[in-house]
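The values are calculated or read from the model by the stated rules, or taken from the named source; none is laboratory data. Quick caveat: nothing in here was measured; it's all calculated off a predicted structure. For neighbour counting, all protein chains shown are included, and Cβ atoms are generated from backbone atoms with ideal geometry for every residue, glycine included. Heavy atoms of the whole protein, side chains included, go into the accessibility calculation; ligands, DNA and RNA do not. Shrake-Rupley method; radii C 1.70, N 1.55, O 1.52, S 1.80 Å.
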Amino acid sequence: GQSGAGKSWQLGRLLQTFAQEGQPTTLISGATTTEDVLARVARDLWQTGLGNTSEKTLVAVSLFLREIAPNAFGSRLIVAVDDIQDIDFARDLVRQDWTDWDMRLVLTVPDAVARSLAVTDGDAIHLHLVSDFSVDELDALLKQTGRRWAGLPSDLKRLLRNPILAGLFIELPYSSIQ
């Protein structure tokens with residue numbers, strides 16, 4: 001999706017859905033290299049999730065998890081990496097051994113990166129395009145602040161379909177738009 005289209009917001013909703021289903025998830029943001037992502041996932045699982053203090057690689061953590069819960073294979077960990085701007089970085093992440101580690105990768109990327117991945121790695125990925133808020137999504141957000149979609153001027157309705165603008169709008173004092 002385009003910048004401000006709500007990719008991170010939708011990723012958060014997806015991770016919340018997985019968590020409600022009892023599926024383990026981890027979110028990585030601000031990573032700049034594949035090695036950084038793999039190390040942070042391993043640290044999140046090994047140290048934060050399992051309470052260990054030593055360091056392990058992601059491969060070692062994956063093998064450990066299979067040893068302690070051999071019948072749990074298939075209840076994949078969801079690894080979400082937010083805001084990958086570089087196509088080479090995204091491509092390298094997609095091409096890691098996620099299936100062998102019993103993990104699934106979810107990325108948020110700009111449209112251009114998504115299109116490039118679809119061309120080069122189309123068989124290995126599922127592409128979900130993110131666009132503006134639907135009217136129902138925006139109305140649900142506005143209700144949280146005591147506002148309603150129906151009560152807004154039409155030009156403002158159009159602008160607020162962009163999630164980043166909607167987020168800024170709900171931070172405004174209500175009296176400033178009357």
State all residues of segment 128-162 that are touching a residue at least 40 places away in the same chain (Cβ under 8 Å) and among the aliphatic types (A, V, I, L, M); if no residue qualifies, say none.
129, 130
If the requirement is being over 20 Å from residue 59 (Cα atoms), open to solvent by 50 Å² or more (accessible area, probe 1.4 Å) and touching a Ser or Thr at 6+ places or on another chain (Cβ under 8 Å), which of these qualifies: 83, 132, 92, 88?
83
Looking at segment 95-108, can you tell me whether even one residue there is more than 20 Å from residue 16 (Cα to Cα) and not in a loop (DSSP other than H, G, I, E, B)?
no
Determine if segment 149-166 includes at least one residue that is open to solvent by 60 Å² or more (accessible area, probe 1.4 Å), of a type in the set (Gly, Ala, Ser) and at positive phi.
no
Picked from segment 67-80 (must be more than 25 Å from the chain's Cα centre (by Cα) and open to solvent by 60 Å² or more (accessible area, probe 1.4 Å)), the residue modelled with the highest pLDDT is 67
Filter result for residue 125 (in a helix (DSSP H, G or I), of a type in the set (A, V, I, L, M, F, W, C), surrounded by 14 or more Cβ atoms within 10 Å (Cβ to Cβ) and touching a residue at least 24 places away in the same chain (Cβ under 8 Å)):
no
Of all helices (runs of 4 or more DSSP H) fully inside segment 133-174, the set with 2 or more residues that are over 24 Å from the mean Cα position of the chain (by Cα) and among the charged types (D, E, K, R) is 154-160
Test: residue in segment 52-61 that is assigned to a strand (DSSP E or B), open to solvent by 80 Å² or more (accessible area, probe 1.4 Å), modelled with pLDDT of 85 or more and closer than 20 Å to residue 31 by Cα
no
Condition check for residue 38: open to solvent by less than 40 Å² (accessible area, probe 1.4 Å), at pLDDT below 95 and not acidic (Asp, Glu):
no
Assess whether residue 64 counts as being closer than 24 Å to residue 35 by Cα and buried (at least 18 other Cβ atoms within 10 Å of the Cβ).
no
